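Accompanying notes for the structure given below.
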Amino acid sequence: NAGVMQNPRHLVRRRGQEARLRCSPMKGHSHVYWYRQLPEEGLKFMVYLQKENIIDESGMPKERFSAEFPKEGPSILRIQQVVRGDSAAYFCASSPQSGNSYEQYFGPGTRLTVT
Amino acid sequence: QQQVKQSPQSLIVQKGGISIINCAYENTAFDYFPWYQQFPGKGPALLIAIRPDVSEKKEGRFTISFNKSAKQFSLHIMDSQPGDSATYFCAASMQGAQKLVFGQGTRLTINP
């Protein structure tokens with residue numbers, strides 16, 4: 001039973017470049033969440049998606065950040081024109097389709113470094 | 001009102017001792033309270049979770065105590081082992097929102 005998969009695990013980008021982070025949820029899970037973790041801090045919610053729909057993007061910065069979860073393929077978190085403050089670990093979590101299930105299972109994360 | 005406050009920030013416990021981490025929340029709409037364990041360089045792993053209709057839940061050496069009136073919940077790790085050394089996060093969620101609100105984390109060190 002494969003868990004949540006994220007790639008790349010480490011990503012280095014220069015200021016102004018684009019970063020694309022990918023997340024494949026656990027088998028049978030159709031809900032995906034993205035969180036950001038700054039060094040020595042807790043995780044902060046960014047966005048919640050279901051297939052082809054953004055359900056809640058209240059934690060996502062209004063500019064430069066976007067997310068999608070297409071019908072086929074992984075969920076993508078895209079950061080345009082990265083700045084040093086975007087350096088963080090980005091975690092994806094997934095949960096089952098069942099409406100009463102709150103359990104979220106996290107992937108290993110992508111550590112983004114902006115130089 | 002969306003915050004979850006966690007304490008202590010760091011904790012050192014001797015092997016075999018009891019580790020206790022506390023969390024407090026304000027939003028009474030929260031109805032799901034999980035604890036996550038995170039090792040360096042890894043993603044958070046779901047450890048144990050509780051709903052407000054029970055005051056305690058135990059799984060192996062891990063116990064959640066929940067005090068609805070005080071809006072507090074805590075994680076107890078019995079017979080703490082060096083392998084338990086990790087960062088622990090409490091979190092809260094509510095039906096309809098589903099996003100997790102995390103505490104700041106507690107770095108636990110178990111001395112052998």
Per GNM of chain B with C-alpha springs under 10 angstrom, the most fluctuating residue out of B:93, B:85, B:55 is B:55
With a sphere of radius 13 Å drawn around the Cβ of residue A:14, what net charge do the other residues whose Cβ falls strictly inside it have (Lys, Arg +1; Asp, Glu -1)?
-> +1
Can you list, bin by bin at 10 Å, the percent of alpha carbon pairs in the protein assembly as shown, starting at 0?
-> 8, 33, 35, 20, 5, 0
Straight-line reach from residue B:42: which lysines have Cα under 21 Å away, leaving out those fewer than 8 places along the same chain?
-> A:27, A:44, B:99
What part of the accessible area of the protein assembly as shown, given as a whole %, is carbon or sulfur when the probe is 1.4 angstrom?
-> 47 percent
Find the accessible area per residue for chain A; the probe is 1.4 Å, ligands and nucleic acids are left out, and the unit is Å².
-> 52 Å²
Kindly write out, for the stretch B:104-112 in residue order, the coupling ³J(HN,Hα) from the Karplus curve 6.51 cos²θ - 1.76 cosθ + 1.60 (θ = phi - 60°), rounded to whole Hz, with x marking Gly and Pro.
-> 7, x, 10, 8, 9, 10, 9, 7, x
Whats the longest run of chain A with zero trypsin sites (Lys or Arg not before Pro) that are DSSP loop and have at most 16 other Cβ atoms within 10 Å?
-> A:72-115
Length-normalised contact order for chain A - Cα pairs under 8 Å, 6+ apart - percent | 36 percent
At 7 Å along the Cα-to-beta-carbon direction for both residue B:2 and residue B:94, put a label point, then send me their distance in nm to one decimal.
-> 1.1 nm
For the stretch A:39-115, which semi-axes, largest first and in whole Å, follow from the square roots of 5 times the eigenvalues of its Cα gyration tensor?
-> 23, 15, 12
Nearest-20 debye value, chain A charge dipole, Cβ charges on Lys, Arg, Asp, Glu | 480 debye
What residues qualify as long-range amide H neighbours of residue A:56, i.e. H under 5 Å apart, gap of 5 or more or another chain, H built at 1.01 Å from N?
-> A:48
Ranking B:64, B:20, B:87 by how far each Cα lies towards the positive end of the charge dipole of chain B (+1 on Lys and Arg Cβ, -1 on Asp and Glu Cβ), the top one is B:87
Can you tell me the accessible area per residue over the stretch B:5-52, all protein chains present, probe 1.4 angstrom, in square angstrom?
-> 47 Å²
Under a straight-distance cross-link criterion of Cα-Cα below 18 Å, which aspartates and glutamates are reachable from residue B:15, leaving out those fewer than 8 residues away in the same chain?
-> B:79, B:84
Rounded to whole Å, √(5λ) for the Cα gyration tensor eigenvalues of chain B, largest first, gives 23, 15, 12
Taking the Cα centre of chain B as origin, sum charge times position over the Cβ atoms of Lys and Arg (+1) and Asp and Glu (-1), and report the length of that vector in debye to the nearest 20.
-> 120 debye
Check residue B:48: other-chain or 5+ apart residues with amide H under 5 Å from its amide H, H built from backbone geometry?
-> B:35
Would you pull out the residues with amide H under 5 Å of residue B:3's amide H, same chain only if 5 or more places away, H placed 1.01 Å from N?
-> B:26
Expressed as a rounded percentage, what relative contact order does the stretch B:23-100 have, with Cα pairs under 8 Å and six or more residues apart?
-> 36 percent
Nearest-20 debye value, the protein assembly as shown charge dipole, Cβ charges on Lys, Arg, Asp, Glu | 620 debye
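The values are calculated or read from the model by the stated rules, or taken from the named source; none is laboratory data. What you see is a predicted model; the values in this text were computed from it and never measured. Ideal geometry is used to build each Cβ from the backbone, glycine not excepted, and the neighbour counts take in all protein chains shown. Ligands, DNA and RNA are stripped out before the accessible areas are found, and what is left, the full protein with its side chains, is counted by its heavy atoms. Shrake-Rupley method; radii C 1.70, N 1.55, O 1.52, S 1.80 Å.
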